[in-house]
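The values are calculated or read from the model by the stated rules, or taken from the named source; none is laboratory data. Remember, predicted model here, so these are calculated numbers, not experimental data. Here Cβ is always computed from backbone atoms with ideal geometry, including for glycine, and neighbour counts include all displayed protein chains.
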Amino acid sequence: MKITNEINDLHADMTSWRRHLHAWPELGYQEHRTADFVAERLASFGLEVHRGLGGTGVVGVLKVGDGPGTIGLRADMDALPMPEAGAHAHCSKNPGVFHACGHDGHMAMLLGAAQHLARTRRFNGTVHCIFQPAEEGLAGARAMIQDGLFERFPCDEVYAMHNWPGLPPGQLAVHTGPVMASADLFEIEVHGKGGHAAMPHLCLDPVVVAAHLITALQTIVSRGNPTEAAVVSVSQLNAGTAHNVLPDTAVLRGTARALSPATRARVEAEIRRISAGMAAAFGARIEVHWHPTYPPTVNHAGPAKRAARVAGPLFEAVHTDLPPTMGAEDFAFMLEARPGAYLWLGGGGVGLHGSRYDFNDAVLPLGAALFCALVEDVLPGQGLARSEISQ
């Protein structure tokens, strides 16, 4: 395919960029060196560069012709707070910080697409290359939006892709509707009355209340509507300091996930209802602290169909029937604000967030080619038929 062949010429550059970014990872809202690297390359390609959205975000603008259409392409920039166990030459040089989710590859693909689009200019309209900070739990997408991302850089449609080790290289997954779940955190404080563990009748044991509460919370999913996917996981129970002392308080912490806003709201309401009932049953006092983080990532039908069609000539297989995952992604905020789609790019290899994960450089040209093909389809150049764009 024409685009793929042209992008292959940039494979060595993209690999070099990716490995440099991998070697110098930075945590969310601290991506200063990363932002400098991205901005310098965008400027060298001839894009208009804007910085500071969402703290460390970067937007590169490329306008060709007089078309009013606009498209946004997004890559995430931050790394994870974990050590790397690999032994390759480009291992992290920042101890305890590691690109274990492939954001280094996402940036390299978008930089490659930006360079190719600036060089070929086979579209008519405006492309906004969005390099977003703080995807890993810190809501950098929301921060950029709150800083006026889509007012300053309007996008008729917005796209992002994530490497997906569960798919072989050369394959792509496109969902219509939910792709990934919401992610909310909860903390539940169970207040009882502490005392000597040998005299429980003189106490109100919060550990026993917490144990009953943990069991009851599991009915939200197991006895809820089986057609509504959800997860309620209590991941922490903290209570007590000695074998022979019943504590005053036990604290539960965990995460709740859902694939729709309605199910998300139901899960929160059920956690609060069950906690109140348990407090009444035992005579304890229970406080629920709910911390919403990311909404569900839900693709819009039109952009999803476009992505699947455009990807067809570029990939060995395009899957449109894979189930969503209960992981979360803050591109969800952008899809709440603008039509678009979030795509899974097959990468093979070790799973995400593993200590030996490394982005598969072989798929860099495919990701960059897909970004470019989407631009040329959304913003067709004057006199260029859509049937010619993907050839």
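Checking the structure you have, find out if any residue of the stretch 85-95 is assigned by TED's automatic domain parsing to the domain that holds Ala332 and either over 25 Å from Asn360 (Cβ atoms) or touching a strand residue (DSSP E or B) at 6+ places or on another chain (Cβ under 8 Å) (or both).
For the stretch 85-95, residues assigned by TED's automatic domain parsing to the domain that holds Ala332 and either over 25 Å from Asn360 (Cβ atoms) or touching a strand residue (DSSP E or B) at 6+ places or on another chain (Cβ under 8 Å) (or both): present.
For the stretch 208-217, how many residues meet the condition of being touching a strand residue (DSSP E or B) at 6+ places or on another chain (Cβ under 7 Å) and surrounded by fewer than 20 Cβ atoms within 10 Å (Cβ to Cβ)?
1
Here are the criteria: (1) in the same structural domain as Ala280 (by TED's automatic domain parsing); (2) in contact (Cβ under 8 Å) with a residue 24 or more places away in the chain; (3) under 30 Å from Thr293 (Cβ atoms). Tell me which single one Pro200 does not satisfy.
Among (1) in the same structural domain as Ala280 (by TED's automatic domain parsing); (2) in contact (Cβ under 8 Å) with a residue 24 or more places away in the chain; (3) under 30 Å from Thr293 (Cβ atoms), Pro200 violates only (3).
Please specify each residue of the stretch 55-105 satisfying the condition of being polar (S, T, N, Q) and either over 18 Å from Val127 (Cβ atoms) or surrounded by fewer than 19 Cβ atoms within 10 Å (Cβ to Cβ) (or both).
Matches in the stretch 55-105: Thr56, Ser92, Asn94.
Any residue in the stretch 219-243 that is on the phi > 0 side of the Ramachandran plot sitting within a Cβ distance under 7 Å of a residue that is crowded, with 18+ Cβ neighbours inside 10 Å and in a loop (DSSP other than H, G, I, E, B)? List the pairs, counting only those 6 or more apart or interchain.
Once the first residue is on the phi > 0 side of the Ramachandran plot and sits in the stretch 219-243, its partners that are crowded, with 18+ Cβ neighbours inside 10 Å and in a loop (DSSP other than H, G, I, E, B) give Gly240/Pro247.
Of the conditions (1) crowded, with 20+ Cβ neighbours inside 10 Å; (2) under 21 Å from the mean Cα position of the chain (by Cα); (3) not aliphatic (A, V, I, L, M), Asp205 satisfies every one except a single condition; which number is it?
Against the list (1) crowded, with 20+ Cβ neighbours inside 10 Å; (2) under 21 Å from the mean Cα position of the chain (by Cα); (3) not aliphatic (A, V, I, L, M), Asp205 comes up short only on (2).
When you scan the stretch 1-12, how many residues do you find that are modelled with pLDDT under 95 and either in contact with a Leu (Cβ under 7 Å, 6 or more places away or on another chain) or assigned to a helix (DSSP H, G or I) (or both)?
Adding up the residues that qualify gives 8.
Please give the helices (runs of 4 or more DSSP H) falling wholly within the stretch 299-391 in which 1 or more residues are touching a strand residue (DSSP E or B) at 6+ places or on another chain (Cβ under 8 Å) and either at pLDDT 95 or above or closer than 14 Å to Glu157 by Cα (or both).
Passing ranges, in order: 301-311, 331-337, 364-378.
Considering Thr255, Thr297, which residue is among the polar types (S, T, N, Q), within 30 Å of Thr176 (Cβ to Cβ), touching a Ser or Thr at 6+ places or on another chain (Cβ under 7 Å) and surrounded by 13 or more Cβ atoms within 10 Å (Cβ to Cβ)?
Thr255
Surrounded by fewer than 18 Cβ atoms within 10 Å (Cβ to Cβ), among the acidic types (Asp, Glu) and not assigned by TED's automatic domain parsing to the domain that holds Val267: does that describe Glu287?
No; evaluated as a whole, the condition is false for this residue.
Could you say which residue among Asp330, Asp321 is closer than 21 Å to Ala229 by Cβ and free of Cβ contacts under 8 Å to residues at least 40 places away in the same chain?
Going through Asp330, Asp321 in turn, just one is closer than 21 Å to Ala229 by Cβ and free of Cβ contacts under 8 Å to residues at least 40 places away in the same chain: Asp321.
Would you check if His212 is in contact with a Phe, Trp or Tyr (Cβ under 8 Å, 6 or more places away or on another chain) and at pLDDT 95 or above?
Spelling it out, His212 is indeed in contact with a Phe, Trp or Tyr (Cβ under 8 Å, 6 or more places away or on another chain) and at pLDDT 95 or above.
Among the residues of the stretch 9-32, write down those that are surrounded by fewer than 22 Cβ atoms within 10 Å (Cβ to Cβ) and either over 19 Å from Ala114 (Cβ atoms) or not assigned by TED's automatic domain parsing to the domain that holds Ala362 (or both).
The answer is Ala23, Trp24, Glu26, Leu27, Tyr29, Gln30, His32.
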